[in-house]
Structure formats: structure tokens, C-alpha cells
1. Once the range 150-303 is represented by equal point scatterers at the alpha-carbon sites, with solvent omitted, what log10 I(q)/I(0) does the Debye formula produce at q = 0.08, 0.18, 0.19 Å⁻¹?
2. When the C-alpha atoms of the chain are aligned to their principal axes, what extent does each axis show, in angstrom, from largest down?
3. With N denoting the number of residues in the range 270-447, provide Rg(C-alpha) divided by 2.2 N^0.38 Å, to two decimal places.
4. As a test of the definition: which semi-axes, in Å, follow for the range 91-183 when you take the square root of five times each eigenvalue of its alpha carbon gyration tensor? Largest first, please.
5. Cα centroid distance between the range 263-316 and the range 219-244, in Å?
6. Just want to confirm a number: the relative contact order over the range 270-447, from Cα pairs under 8 angstrom separated by 6+ residues, in percent.
7. Give me the angle, in degrees from 0 to 90, between the Cα long axis of helix 241-253 and the longest principal axis of the Cα atoms of the chain, rounded to the nearest 10.
8. With the Cα gyration tensor of the range 45-109 giving a ≥ b ≥ c as the square roots of its eigenvalues, does the rule (a/c under 1.5 for rounded; else a/b larger than b/c for prolate; else oblate) give rounded, prolate or oblate?
Ligand code: NAP
């Protein structure tokens, strides 16, 4: 099954084009022409989403669950075509696209069962106490309600699971919020075929067409107009610090500021505790090499920084890791821009004082090979620039003097999506000292694993203090992600007939 994109935007059930275009830049096959988005399309999509909200926001949980499951079915029905266009556009291997498709449909179905369960509504009831002195207590009920139209930015590094029908879209639709997606230019054909799947599910389930629109990019005009549109009530974003911060600032500067749920990057430090390093340094080194280079290092959870005590075990670890990483050939990156940014990030790290390159490889154009650097705890503590994310398979080993300096390095960290401890039983005391610091730094703390796999589940947090995310109370992966698009409302002494259906009875 092949798919030939027509290059149009989906605006509330209609495929439309503007008079401007841009070209896709696939790794294989020919470039295709796509219509460029503009502020007028954003306005049409946002108005349709607002109109849809008055219906969709009042659908039953069963109706929305059936809709989410229908989207998953429609994506599965287009499975091979999605993989074909996704691999051509992004350079990601077939197996990755297939796995990501399973994750995408899996999270749609997970949200369907999550809303059917109903616990997310967080219903509370303070029963009236008419005889309470000195004042009677009224009857108060609380329930979570959907917030209105939500904007979602497709992420370059997850063409399916964090894009058109990805986690943000699934969470918002599950909550009862219509969605306007800004497709990522790195995979416009993939965005189109997935939008087509959502469109088919809308028709099958008889949903209001304004419940979903997808607008291609082509310029910053679309993103800027979307986050500033007065009918948009929240934004989901995964991408760069620079882009995310610019859009966050626009949200904060609106006459009615809105929440911007941005995930802006992380270096995901791994603390290599001494006993574990001595017992199994070699296995840890090859494990790290695999995690660092998975998907050309283009994961928000890529473990880019190691913190380890200087000494023989650390030297041996780095030798083994460099040997393993030296054998990893060039890997295709998502875009030419991301590959250029990777190499310029390498140059920035190399130019910092106290930093030494320990693996020097060569890559060009849209390819990446691993780069590894080492530095001292003193140099790290003196220079915050060493903690900035370089998106791709770049590793920085921070050799600390002793475990006291390891703690200092932990305290110096910016907010992270993850922090990892590699530890054995003899490291427990040091682990206990690190934990209170790491809890303040990261959304997820792991022991003896690698952070690159993010389970989509009930207990997952994919977020963390700024700049890992712009809202530390939120997650963009797992069922708790629905909370971002809900607002608690209290109903005091309201007759049953006026209450939301889920509170009646
Ligand atoms: P990006 O540059 O942040 O762009 C993400 C989205 O935001 C795109 O749709 C982009 O629109 C839009 N955008 C960015 N700045 C904007 C602005 N000032 N006004 C309006 N819209 C704006 O991220 P990217 O394109 O995915 O990749 C670039 C870099 O992001 C990578 O090199 C990497 O450093 C980082 N990244 C990090 C993660 C992570 O998980 N930490 C994931 C992906 C990327 P356009 O398409 O029109 O440019």
C-alpha cells in the first residue's frame, strides 16, 4: 500500500491549500510539495475547534473512548503506508516506525480505557451539613472538566508517538478537548496520512469535524498564530529550548495567558556509583554506548552526561565505551538542520575550557557519528554551558574528585527528564545521599537501567523541572498526561439536572 500525499491541510473536515508551498526533504524518494500554513488557516481551525467543543466537550466517556479506538484502528489500517512514508521522510528504520506505530495506537487505546475507568475525573463530594454551627455547610461537588481547544506541535523526533495522533493529541481528545495540530516540516506526508486516519475516525463516529485540524508549517507564522489565538486554551510541545521558550513567552504574554506544556530538553545524567563501576564497569560501558546511539541519539531521554569518580575503574569504563562507540557507523538524522546543530553543538563543547575530546569521528550532511568528551568536576561546576543539551549521540563524562563532588555536581544540575543511578548494594549510602537532590532535579529517577525507553503507563512521568519541561506538575507521557487539559470545577448546591452527566445521580 503506497501513499501519495496531496500536500493539503485538514481544516475541520476539509482538505485545503494556500497559495504558498514548501518542499519535503526525504532521505529516500522524491521531494514532495506541501501547502504552507498561515494565520488565516489557524483562525479557521481554532474557530471550528471552539464550535466543536460545545458538542465534543459534552460527549460521554464511552463515546470518546470509541472515537480514540477508531483512530487507532484507522492508523493500523494504514500501517504499511505510514511506515513507508515515515521511513522515507525521517530516515528512521522500518522497525522503529512499526514500533512507534504500536506505541501510538497503544496510547490511544490506553486513554480510551483510562477515561472509561473514570478515576481521572477526581470526583469529590462534601455532603451538606445544614445543622452545622455557627454556619451550615453547603453541598459541594467537584469534577474535572475539559478546558477547550488545545494546540499540539508535532515533534521532529517522534513522527507518530509525539506528533499528529501522538500522546498530546490522545490526552486532549480523551479529556474532551478539540485539537489543532501544527505538523512538523520534517515529516509532512506522515502528518497528512495520520490526519487522514483521524478524519476517517471522525466520520465513522459521527464526531463534529472541528474536533481535529492539522496545519502544515512552512514558516513560524503558523506556530506563533496558533499559540496566540484567543480560542486556544493550552499548548502541547516537544522540541528545542529556543523554539519552546519563544512559544512559551508568547503564551505568557497573551491578554489571557495560557499554559504551555513544553518539553525542552534534558541531558539525563547517569551517576556511576563506585561499587557498580568496580563490579561491572565493562557491561555498563557497552550498555551506555548502545543507549547513547539508539536512534542516532535523537531521544529527549538520551543519557548525554556521565558523572563518575576519577580513577582506574572510570578510565577502564571510558576505554571500553569509546571502543564500542568507535564501531558505530554514521546514522541518518531527522533533518539537515538537526545534523548541522549536532555538529555545531560538538564544536561548542570542544571549545570549553577543561574539556578533552576522547572519541573523534567524522560525519557529514544528514549523518551523525558519536562524539565523546571528558571533563573534571571542577570544570563542570565552573561552566553551566557544559550542561546544555546537544541533540544527538554526544557523551560527556564528568570525572569528579570524590563522592562529595558527585553530590555537588548533582546539586548543580538544571531540571532533567531523568536521572539514573548505576549502583550495587555497597553504593546504597551514597545513593541515599543523592536521592533528595535528584528528586528535586528530575521527573523520573532510575536505578540500573538506561533512560531511553519511556513506558506509556499509569505511573510514568515524562517531565521535570525547567527546562526539562515548562510545567513541573505535568507529564507528556502516560495516563496522567490527561490532567494538562482538565480543570477542576466545584458545583455548590446545584440541582442534579444541571450537573455534568458524570456527577449526576
Ligand atoms: P524546534 O526548532 O524547537 O521546532 C519545533 C516546532 O516549533 C516546529 O514546529 C517549529 O516550527 C516550531 N517553532 C520553533 N520556534 C518557533 C518560533 N519562534 N515561532 C513559531 N514556531 C516555532 O525543534 P525541531 O525542529 O524538532 O529540532 C530542532 C532542535 O530541537 C534539535 O536540534 C534539538 O536540539 C531539539 N529537539 C529536542 C527534542 C527533545 O526531546 N529534547 C526533540 C526534538 C528536537 P517550524 O517547523 O516552522 O520550524
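Derivation of every value follows stated rules applied to the coordinates shown; laboratory data play no part. Keep in mind that what you see is a predicted model, and the values were worked out from it rather than measured. Neighbour counts are summed over all protein chains in view; Cβ atoms, including those assigned to glycine, are modelled from backbone coordinates with ideal geometry.
1. Taking Cα atoms of the range 150-303 as identical point scatterers yields -0.30, -1.04, -1.12.
2. 73, 71, 39 Å, listed from the longest principal axis down.
3. Working: Rg = 15.4 Å, N = 178, 2.2 N^0.38 = 15.8 Å.
This ratio for the range 270-447 stands at 0.97.
4. Working: eigenvalues 347, 39, 12 Å².
In descending order, the three semi-axes are 42, 14, 8 Å.
5. 34
6. On the way: 321 pairs, mean separation 51.1, N = 178.
Reported as a whole number, the value is 29 percent.
7. The helix 241-253 is inclined about 30 degrees to the chain.
8. Working: a/c = 3.48, a/b = 1.96, b/c = 1.77.
Verdict is prolate for the range 45-109.
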